[in-house]
Structure formats: C-alpha cells, structure tokens
Amino acid sequence: MATAAPIAVAARRSRTGVLAGTAVMTALLAIAPFAGIYPVFMMKALCFALFACAFNLLLGFGGLLSFGHAMFLGTAGYIAAYSAKAWGLTPELAILLGTAASMMLGLLGGMLAIRRQGIYFAMITLALAQMVFFFYLQMKFTGGEDGIQAVPRGRLFGLIDLSNVYAMYGLVLAIFIGGFLLIWRTVNSPFGQVLKAIRENEARATSLGYDTDRYKLLAFVLSATLAGLAGATKALVFQLASLTDVHWTMSGEVVLMTLLGGLGTVFGPVVGAFIMIGLENYLATLGAWVTVVQGAIFVVCVLVFRRGVVGELGRLIRKPL
C-alpha cells in the first residue's frame with residue numbers, strides 16, 4: 001500500500017500533464033492559420049503527425065519495427081480519392097472507406113508479419129509494402145505514375161463546403177486530435193500496459209498467460225487503421241493520391257519522424273513530423289540537396305538528442321537541479 005500511493009500519484013500527474021499539453025497544443029494549432037502560417041502546410045504536417053503517432057504506437061509502445069507502413073497511408077489515400085471522384089461519395093464516407101481498407105490490409109498483413117520477430121518482422125512488412133506498391137503502379141484505377149488527380153473535397157455531411165481552406169483545416173485538426181487522444185488512451189489502458197510488457201520482455205509476458213500474438217495483431221491493425229485515416233485525409237487535402245505515399249521512402253520518413261521527435265513518447269511523433277515537414281517546406285529551394293541536409297540534421301539530432309527532442313526535454317525537466 002505504501003508503494004502503491006506514490007505510483008498512483010505519479011500516474012495522475014502524468015495524465016494531467018498530457019491532458020494539459022494536449023489542450024495547449026490544440027489551442028496553438030487552432031490559431032496557427034490565423035497567425036500567418038500557411039493552412040495547407042499545417043494540414044500536411046497534421047496528417048503526417050497522425051501517421052507518425054500511429055507508427056509510434058506500433059514501434060514505440062509495441063516494439064514492432066515496420067518498414068512498410070506507407071502501404072496503409074497510400075492505400076487509404078487511393079481508396080478515398082477514387083471513391084470521392086468516381087463514385088461521388090461524400091468526404092466523410094470517402095475517409096471512412098479508405099480507413100476501412102487500410103484496416104483490412106493491416107489485418108491481412110499483420111496475420112503474416114507477427115509470425116516473426118525483430119528484423120524478420122521488418123523485412124516481411126517491407127516485402128508486403130513493395131507488393132502493394134507494384135499493385136497500385138499496375139492498376140488502371142490508380143492512374144499509374146499520374147495518380148488520381150482533381151479529387152473533389154465535397155461537402156462534409158452535406159453542409160460544410162470543404163473547398164474553403166479553413167473549413168478543411170478544421171476537419172483535419174479534429175481528425176488529428178481525435179486520433180491523438182485515441183492513441184494516448186490506448187497506451188494508458190490495460191491493453192497498452194500489456195503491449196509495453198511485450199515490448200520489454202515477450203517471453204515473460206507469455207509466461208504470465210498473455211496471448212502475445214493477439215495483442216501484437218491488435219496493435220498492428222490499430223496502427224494501420226490510424227495510418228489509413230491520415231492517408232485518406234491527406235488525399236482530400238491535396239486532392240491527389242499518388243505513388244509517393246505508398247513508396248518505401250515514405251516508410252523511411254515516418255521512422256525518422258518518430259525517432260527525431262522521441263520514440264515511445266506521446267508528443268514526440270508530432271514534434272518530429274512538424275520538424276521534417278518544416279525542413280521539406282523551407283529548404284525546398286535546395287532541390288535535391290534537401291535529402292542531404294535532412295540526413296545531416298537527423299544525424300546531429302540523434303547524436304545530441306539520443307531520446308529524441310521530446311524525450312530529451314522530458315529528461316531535462318525531470319532532472320533534479
């Protein structure tokens with residue numbers, strides 16, 4: 001009892017801190033477009049922030065390294081774009097359909113991938129992602145290298161015209177905050193605690209009676225679903241679905257975002273995504289050298305911030321003076 005009280009107090013403080021941080025983050029994101037920051041840049045960053053948070057759920061809290069997470073981002077983007085343009089679905093239905101497609105792909109891919117561990121798990125996800133990439137490259141409905149262009153944003157629930165950039169931004173912000181809170185709640189649920197135990201010592205979790213494969217599959221599917229939600233939203237934002245989102249380099253970028261911000265932290269992937277998208281945006285004049293500069297900055301950050309930006313800041317705050 002004596003040791004349980006401090007643990008409960010620490011958990012309560014952590015929960016309060018995350019909720020307060022989420023409130024501050026939401027307020028800052030809400031006023032950003034009205035403070036002179038380009039709304040389309042913010043929407044792109046928010047989509048990738050949700051994508052990075054979904055990946056962090058799998059790697060940071062589940063210990064499962066996926067090298068093929070772009071297949072979920074791209075799949076949802078293609079399905080949402082095609083259903084909105086060819087079938088005339090409303091934006092909310094297009095996003096839901098794209099997200100559901102990624103969820104089903106995550107279920108099928110997860111059933112194959114979780115049979116292996118470590119680098120073998122990563123290689124299976126990469127192989128699956130390459131298969132998905134070539135599938136979309138060959139299929140006629142995707143438009144090949146041209147992609148699906150001029151995707152209509154439509155009216156949300158038949159009422160809100162998403163061609164208005166601020167209305168679209170409001171939708172993207174709501175989706176991001178909803179996904180972010182869902183991930184935070186999942187991590188702090190009994191399911192999340194078991195997932196962390198599997199990350200630390202899977203053999204011990206198995207000996208305690210937990211079906212580790214089932215927990216890993218659920219984490220994989222949830223991560224794929226949220227990654228798909230980000231991809232479907234991004235397709236409507238840019239009114240485009242292309243091979244870029246399903247290419248293996250996109251899977252590498254989300255790994256960089258997560259490591260840069262702070263692996264296994266709540267706000268780390270958000271910070272990492274904004275850093276990466278900011279570098280791409282403001283260093284665009286460098287052309288092909290953008291990748292080189294990004295690599296150099298990443299190396300410096302890894303050497304200086306070994307726990308990521310947010311992880312290192314958290315360590316400094318907790319450090320006694």
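The values are calculated or read from the model by the stated rules, or taken from the named source; none is laboratory data. Note that the structure is a prediction, hence the values are computed from the model and not measured. Heads up, the Cβs are rebuilt from the backbone with ideal geometry, glycines too, and the neighbour counts pull from every protein chain shown. Just the protein is used for accessible areas: all its heavy atoms, side chains included, with ligands, DNA and RNA removed. Shrake-Rupley method; radii C 1.70, N 1.55, O 1.52, S 1.80 Å.
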### Task
Mind listing whichever residues of the range 34-80 are assigned to a loop (DSSP other than H, G, I, E, B) and either of a type outside the set (Val, Ile, Thr) or touching a residue at least 40 places away in the same chain (Cβ under 8 Å) (or both)?
36, 38, 60, 61, 62, 63, 64, 65, 66, 67, 68, 69
### Query
Do we have any residue at all in the range 123-138 that's surrounded by 15 or more Cβ atoms within 10 Å (Cβ to Cβ), among the aromatic types (Phe, Trp, Tyr) and over 14 Å from residue 250 (Cβ atoms)?
no
### Message
Quick test for you: out of 77, 88, 63, pick the one residue that is surrounded by fewer than 23 Cβ atoms within 10 Å (Cβ to Cβ) and closer than 27 Å to residue 158 by Cα.
### Response
88
### Message
Looking at 256, 260 in this structure, which one is in contact with a Cys (Cβ under 8 Å, 6 or more places away or on another chain) and more than 21 Å from residue 40 (Cα to Cα)?
### Response
260
### Query
Quick one: how many residues across the range 185-204 are small (Gly, Ala, Ser), open to solvent by less than 50 Å² (accessible area, probe 1.4 Å) and either closer than 19 Å to residue 268 by Cα or in a helix (DSSP H, G or I) (or both)?
2
### Message
Suppose the filter is farther than 30 Å from residue 85 by Cα, modelled with pLDDT of 85 or more and outside any helix (DSSP H, G or I); does residue 258 pass it?
### Response
no
#### Entry: Residues (surrounded by fewer than 24 Cβ atoms within 10 Å (Cβ to Cβ) and farther than 13 Å from residue 220 by Cβ) located in the range 92-116
92, 93, 96, 97, 100, 101
## Note on the structure
residue 150 passes all but one of the listed conditions (1) open to solvent by 30 Å² or more (accessible area, probe 1.4 Å); (2) on the phi < 0 side of the Ramachandran plot; the exception is number (2)
### Message
Looking at the range 172-184, can you tell me whether even one residue there is of a type outside the set (A, V, I, L, M, F, W, C), over 17 Å from the mean Cα position of the chain (by Cα), surrounded by 12 or more Cβ atoms within 10 Å (Cβ to Cβ) and closer than 22 Å to residue 99 by Cβ?
### Response
no
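Matching residues to (1) among the aliphatic types (A, V, I, L, M); (2) touching a Phe, Trp or Tyr at 6+ places or on another chain (Cβ under 9 Å); (3) surrounded by 24 or more Cβ atoms within 10 Å (Cβ to Cβ):
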site	(1), (2), (3)
206	no, no, no
213	no, no, no
218	yes, yes, no
256	yes, yes, no
262	no, yes, yes
290	yes, no, no
### Task
Considering each residue of the range 306-319, count those that are modelled with pLDDT under 75, open to solvent by less than 70 Å² (accessible area, probe 1.4 Å) and not acidic (Asp, Glu), and give that number.
1
